[in-house]
1. If I filter segment 392-411 for residues that are at pLDDT 85 or above, farther than 30 Å from Lys292 by Cα, surrounded by fewer than 17 Cβ atoms within 10 Å (Cβ to Cβ) and within 23 Å of the chain's Cα centre (by Cα), do I get at least one hit?
2. For Ile68, indicate whether it is at pLDDT 90 or above, crowded, with 18+ Cβ neighbours inside 10 Å and aliphatic (A, V, I, L, M).
3. Go through Leu214, Leu221 for me and flag whichever is in contact with a Cys (Cβ under 6 Å, 6 or more places away or on another chain), surrounded by 19 or more Cβ atoms within 10 Å (Cβ to Cβ) and either modelled with pLDDT of 85 or more or not β-branched (Val, Ile, Thr) (or both).
4. Out of segment 29-77, which residues are assigned to a loop (DSSP other than H, G, I, E, B) and among the charged types (D, E, K, R)?
5. Residues to consider are Val170, Val192, Val230, Val188; find the one that is in contact with a Pro (Cβ under 7 Å, 6 or more places away or on another chain), among the β-branched types (Val, Ile, Thr) and farther than 16 Å from Phe150 by Cβ.
6. Among Asn54, Asn23, which is the only one that is out of contact with any helix residue (DSSP H, G or I) (no Cβ under 7 Å at 6 or more places or on another chain), at pLDDT 85 or above and more than 30 Å from Cys138 (Cβ to Cβ)?
7. Please verify whether segment 226-239 includes one or more residues that are under 22 Å from Gln114 (Cα atoms) and assigned to a helix (DSSP H, G or I).
8. So which residues in segment 151-161 are surrounded by fewer than 24 Cβ atoms within 10 Å (Cβ to Cβ) and either among the charged types (D, E, K, R) or not in a helix (DSSP H, G or I) (or both), if there are any at all?
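The values are calculated or read from the model by the stated rules, or taken from the named source; none is laboratory data. Everything quoted here is computed from the prediction, not taken from an experiment. Because the Cβ atoms are built from the backbone with ideal geometry, glycine has one as well, and the counts that use them run over all protein chains shown.
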Amino acid sequence: MPLTKDQYLSDVWNKVTQYLYTNKFIEPEMVESFFHTSYIFELTEEKAIISVVNIIQKQVLRSLSDRIADAFIHVLDLSHPIEIEIAQEPDLEQRYSGKEIRYDENEFHTMNIQKDRTFENFVVGDCNRESQAAALACALNPGKFFNPLFIYGNSGLGKTHLMMAIANYVLKTDPSKKVYYTESLKFVETVVNAIRDNRIEAFKQYMFSIDLLLVDDIQFLAGKEKSHEVFFTIYNELVNNGKQVCIASDRQPREIKGLEDRLISRFSSGLSVGIDSPEFETSLAILQMKIKQNGYGIDDCDEEGLAYIASNFSGNVRDLEGAWNRVLFYAIQFQPDGKSIRFETVMNALKSQAVVSDKTGLSPKKIIKTVADYYGLTRQQVTSKTRTKNIANARHISIYLCRKLLNISYIKIGEEFGGRDHSTIMSACTKVEKQLKKDPIFENVIKDIEKQLNV
């Protein structure tokens, strides 16, 4: 006589439990306390939902999710991975009761999407070309190619601009699309409030209806366990249904500490693209666009003055904007003889603000970029925490050359390399100096880079 569905699921769960016990993945006490009181709520070839009685069971079985998945693969003779979801009975009953969960469209509203941030006014250069292309591809065909799209880079380089550009393009193309933009801290706040008000299922249902989800500063989600769980559920639902997810962070997925491995794995499964600090040409183009947006013409500012700003404030777009705003304020206050902004005005306005730069145009950022190009890396990789040999070597050379060619303090150099302390910077310089004394090939590398820097 064939088994009923419940009998089959019970049999599978017993075999899974036996496999775990036989292979000593669980203790005898755990079998009785945690596994015999749990059961398979739903089973497909792709996913198993395990129902538990209480939060303690949920936490214990969740900690064993990978081993439980392996057990299912063995018992069912699967040739592919299987997702394991551990859920409490009340949650499952609510989810599958057939009762409609109602919500107001305004109950969980998106954060403001700035209409003026578009692809048209995003200045493209070598530093961001790949990211812009990927973002545009997602906007043209949401959910079709790169899902999720993960954009990483330091603050102020244009990640949020690209996220907004995607949103604006999608809404312009199809105003009926539901687009949701949020910062991760705002997402956490929404989850906390929804749990407090017993509206978490309503929030999930609302998010399941979204066509395009954009989450900024995902690194701040680290350590927020409950928010991890909610976001994971939403993410899976959207991606599995062909809805586009775009994420921005100040670092690559695997460099974000405090995120669950399952989230990192899924972020890494899409396309990760970085944005670097703008080179001179891109900085100048960005600056020119900002000036036009302020109502000034390019001819209203001395060409040499513009070049000075672009050379010395190319760390990020916000630095450029801040420098220009300072120049504009200074010109209004101290140059009342007309609209044109002279080079002397620029110099006077920024004399206490500019980064270290000598007559050759050298700066820490230029040195880092030159070394990065020499080794086929990005500037961000060189200044990152990554410790792979080639990246670390490029980082040490960059630090050494900053010290040698610019003669700036260890503390200042540390700031240029992601806030490293002076002892780390000193150690890097010492390593390079020692290697120079014993390695002629390495010495030639340093000389080649210096030639490229025109020193």
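1. Narrowing segment 392-411 to residues at pLDDT 85 or above: 392-405.
Subsequent filtering for residues that are farther than 30 Å from Lys292 by Cα retains 392-405.
Adding the requirement that they be surrounded by fewer than 17 Cβ atoms within 10 Å (Cβ to Cβ) leaves 392, 404.
Next, only the ones that are within 23 Å of the chain's Cα centre (by Cα) stay: 392.
Yes: segment 392-411 contains one or more residues that are at pLDDT 85 or above, farther than 30 Å from Lys292 by Cα, surrounded by fewer than 17 Cβ atoms within 10 Å (Cβ to Cβ) and within 23 Å of the chain's Cα centre (by Cα).
2. Numbers: at pLDDT 90 or above: yes; crowded, with 18+ Cβ neighbours inside 10 Å: yes; aliphatic (A, V, I, L, M): yes.
So Ile68 passes the test.
3. On the way: Leu221 fails: in contact with a Cys (Cβ under 6 Å, 6 or more places away or on another chain).
When all the criteria are applied, what remains is Leu214.
4. We begin by selecting, within segment 29-77, every residue assigned to a loop (DSSP other than H, G, I, E, B); these are 36-38, 44-46, 53-54, 64, 77.
Selection gives Glu45, Glu46, Asp77.
5. None of the other options fit; the residue is Val170.
6. Details: Asn54 fails: at pLDDT 85 or above.
None of the other options fit; the residue is Asn23.
7. In the first step, residues of segment 226-239 are kept if they are under 22 Å from Gln114 (Cα atoms); the result is none.
Within segment 226-239 (the criterion being under 22 Å from Gln114 (Cα atoms) and assigned to a helix (DSSP H, G or I)), the answer is no, since none of the residues qualifies.
8. Asn154, Ser155, Gly156
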